[in-house]
Amino acid sequence: MGDESRTDRIVASPARKAIGYGVRAVHVVAAAKGAKISRKDALLKKFRSARPWYVLRARKLWLGVAGNDPLLSQVWIGDLKTFSSVGYALTRQAGVRDLWKSGFNAWTNSSRLVLVNGQPVPPKDQRGLDDRLRITLLHEAVHVGQFEDTRDQPPKTYREMVGYEAKAYAETKKALDQLEPQGTDLAKTNQAEILDFFTGLDKPPGNGKLPDSYFVDELTARGLLPNSANPKDPASLYVRSVRMEPP
Ligand SMILES: [Zn+2]
């Protein structure tokens, strides 16, 4: 996560039944017939119907990433920017508001939803763009599996978050190594930069018994966290109090 290229993800909140957060959502209030549509319903509708060019492209590429995998095949691809603004409107969490501004290529907090980010206008290098997007989606696919394993529970600490990232970036590196040498400058530059930011983060110096604040400091110094992230609570990055269900 972090600069304009960061691919990322993360988590949700523990008590998903109690608090409800993230993606799976809430159907509130079944409006009575003819009743005025609630503000929340209108916002959720806005989220579900947003499909800028990079979302459409990612949906197409996701078919290749998911293949026949039953878990990945049911994942819905949405727009991070809209998720971020709608999530903020519903929860007033600054960490959620700033998610898309952190420039992650993609992000997830669920085993059922991946959110992608992009510029309003596609860059000219279509092939590089597809390579970058595909590598990003491969990374997110690892997180989708992690969320499945934890039943959509988010990491409780930044240290745990870094562990998840180390696994996902291993997949990024593998995909990067397999890229053909030509025509992939955009993807390579972009992803190599991210790897560079991330390298070694999961292998702290010393005996490894560092306080959790070490990871927060490192993530922050490397530009991997939104400015508004709460250093004490990774869950501040997740949409709580409301769930946004894929259509
Ligand atoms: Zn990640």
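Read the figures in this text as sums done on the coordinates, not as results from a lab. Here the structure is a predicted model, which means the values were calculated and not measured. Don't worry about glycine lacking a Cβ; one is built from the backbone with ideal geometry, like all the others, and counts go over all protein chains shown.
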Check: With θ set to phi - 60° and the Karplus curve 6.51 cos²θ - 1.76 cosθ + 1.60, what are the ³J(HN,Hα) couplings of the range 66-77 in order, to the nearest whole Hz, using x for Gly and Pro?
Finding: 6, x, 9, 4, x, 5, 5, 5, 9, 6, 9, 9
Item checked: J(HN,Hα) series, the range 94-111, from Karplus relation 6.51 cos²θ - 1.76 cosθ + 1.60, nearest Hz, glycine and proline x -> 4, x, 6, 4, 8, 3, 5, 5, 5, x, 4, 5, 7, 7, 8, 9, 7, 8
Next item on the list: Could you list, in their original order, any pairs among LYS101/LYS156; LYS124/LYS156; LYS40/LYS174; LYS40/LYS173; LYS46/LYS101; LYS45/LYS232 whose Cα atoms are separated by more than 30 Å?
Entry: LYS124/LYS156; LYS40/LYS174; LYS40/LYS173; LYS45/LYS232
Checklist line | Pairwise label distance in nanometres, ASP149 with GLN178, each label 7 Å out on the Cα-Cβ vector | finding: 1.9
Margin query: Compute for the range 39-237: radius of gyration divided by Kirkwood radius, i.e. Rg/Rh, restricted to C-alpha atoms, rounded to two decimals.
Written below: 0.95
Check: When ranked by the protection proxy of mean other Cβ atoms within 10 Å per residue, highest first, what sequence do the peptides 122-131, 139-148, 158-167, 100-109 form?
Finding: 100-109, 139-148, 158-167, 122-131
